[in-house]
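Participant: Take this structure first; my questions come after.
Only the coordinates and a few stated rules stand behind these numbers; no lab work does. Bear in mind the structure is a predicted one, so any value in this text is a computation, not a measurement. Don't worry about glycine lacking a Cβ; one is built from the backbone with ideal geometry, like all the others, and counts go over all protein chains shown.
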Amino acid sequence: MTSTRTNPVEAVEDALRRFFADRRSEAVEIGAACADAVTELETYVLRGGKRVRPAFAWLGWLGAGGEAEGPTADAVVRIGAALELFHASALVHDDVIDAAPTRRGARAAHVMFADRHRDRCWSGDAELFGTGAAILIGDLAQGWADDLVHTSGLPAPAQARVSPVWSALRAEVLHGQLLDLTAEAAGDEDIDTPLRVNQYKTASYTVARPLHIGAAIAGADAGLVGVYRTFGHDIGVAFQLRDDLLGVFGTPEETGKPSGGDLIQGKRTVLFAAALKYADERDPDAAKFLRTRIGTQLTDDELRAMRAIITDVGAVGHVERDIARLTDRAVAALRASSATDYAKDQLTAMAISATQRTS
């Protein structure tokens, strides 16, 4: 395999296809149900996604002096594929936890498996089957992500540097997911809580740790790793803040998710926490309406009313200002770093794209 400076995403896609081809042949020997599950997971992984995590790992490698060609570059690509498998695992499990019906414009994994159960008139509860099957393929994706990291072909010193970063990435995402789940159940209204969730559930494994992985492979010094971590935290949090806005105001055509899905699912986001804070100060009746309707099956009129309150009390402006502040701070830190000029330019462009996206 040859990785290129201009097309690392395509190289990751190729690596994933080859990986699934190997795993499918193994699954066929175990049983038809396993082969079908592998096919569904492959479809899920390759159906869409922005591949931002592999791109950040690649740029972290190049920015720390890594070469765009050669065996170690090929190993970086395989670790990028591992990041995509881990991401798929997190999405599948997240959709189960949230009871989300769709992902990337298609049925969520647990919904697809439940529908298959019903279509084939199998015995038992279709929803329980769908949940169980989705959990298992999510676990499978996470295990395979670990396999890809451990068999990536990195030189032994680089592998030793990457292993603790990979372990931290996995733990931080799971801790962030648990914080998120607990905050929703407890109705936590403290704005610091969703910020902490954003740091661990999104910023860590979306930007900061992938950059750190690339830097670790290249043997970067502590100064550059620190800048990558700062950049990754700020852009990762800004990325999630944009996602929070899309989760309330985005259309299904833009996001591949139900309109207003975060409000229906009861997501305790920074946006919602800011809306409650401002509504308590300016319009107590509006605050009561938000608290009463969050996490319920909203009518179209109720959804419009919640959106209007969130906008009118100033929560949207609050989040937009935070996105701009975090993005500016991240780019300034990157520009002052020792990263290569190419990586600085590409990472700056990715930062703008990730925080200003509409889908």
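Participant: What value, in deg cm²/dmol to 500, does the helix sum -39500 (n - 2.57) over DSSP H runs of n ≥ 4 give at 222 nm once divided by the residues of the chain? Let's see the in-between values first.
Facilitator: On the way: 17 runs with 269 residues, N = 359.
My calculation for the chain gives -25000 deg cm²/dmol from helical runs alone.
Participant: Show me, for segment 116-124, the HN-Hα J-couplings you get by feeding each phi into the Karplus relation (A = 6.51, B = -1.76, C = 1.60, θ = phi - 60°), rounded to Hz, glycine and proline as x.
Facilitator: In residue order, the calculated couplings are 4, 4, 5, 4, 9, 6, 6, 7, x Hz.
Participant: What shape does segment 124-210 take by its C-alpha gyration tensor, where a ≥ b ≥ c are the square roots of the eigenvalues and a/c under 1.5 counts as rounded, a/b above b/c as prolate, and the rest as oblate?
Facilitator: Note, shape of segment 124-210 comes out oblate.
Participant: Okay, next question. Under a GNM of the chain (C-alpha, springs under 10 Å), which listed residue has the highest mean-square fluctuation: Tyr205, Tyr228, Tyr44?
Facilitator: Among Tyr205, Tyr228, Tyr44, the largest GNM mean-square fluctuation belongs to Tyr44.
Participant: For Lys50, which sequence-distant residues (separation of 5 or more, or a different chain) have an amide H within less than 5 Å of its own amide H, given hydrogens modelled in the peptide plane?
Facilitator: Answer set, sorted by chain and number: none.
Participant: Among 159-167, 267-275, 185-193, how do they line up from the highest to the lowest mean number of other beta-carbon atoms within 10 Å?
Facilitator: Details: 159-167: 16.7, 267-275: 24.3, 185-193: 13.4.
Per-residue mean Cβ counts within 10 Å order the peptides as 267-275, 159-167, 185-193.
Participant: Starting from the Cα-Cα distance between Asp283 and Arg329, subtract it from 0.36 nm times their residue separation and give me the gain in nm to one decimal.
Facilitator: Details: separation 46, 0.36 × 46 = 16.56 nm, distance 3.30 nm.
Using 0.36 nm per residue and subtracting the Cα-Cα distance, I get 13.3 nm.
Participant: Something else about it: Return a single number: how many Lys pairs in segment 155-359, at a sequence separation of 8 or more or on separate chains, have alpha-carbon atoms below 18 angstrom apart.
Facilitator: Values: Lys201/Lys267; Lys257/Lys267; Lys267/Lys277; Lys267/Lys288; Lys277/Lys288.
Value for segment 155-359: 5.
Participant: Placing unit charges on C-beta atoms (Lys and Arg positive, Asp and Glu negative, everything else neutral), compute the dipole magnitude of the chain about its Cα centre in debye, rounded to 20. List each step's numbers first, then the result.
Facilitator: Working: 39 positive and 50 negative charges, 104 e Å.
Here the chain has a charge dipole of around 500 debye.
Participant: For the chain, just say rounded, prolate or oblate: build the C-alpha gyration tensor, square-root its eigenvalues into a ≥ b ≥ c, call rounded for a/c under 1.5, and beyond that prolate if a/b exceeds b/c, oblate if not.
Facilitator: Working: a/c = 2.23, a/b = 1.17, b/c = 1.91.
Here the chain falls in the oblate category.
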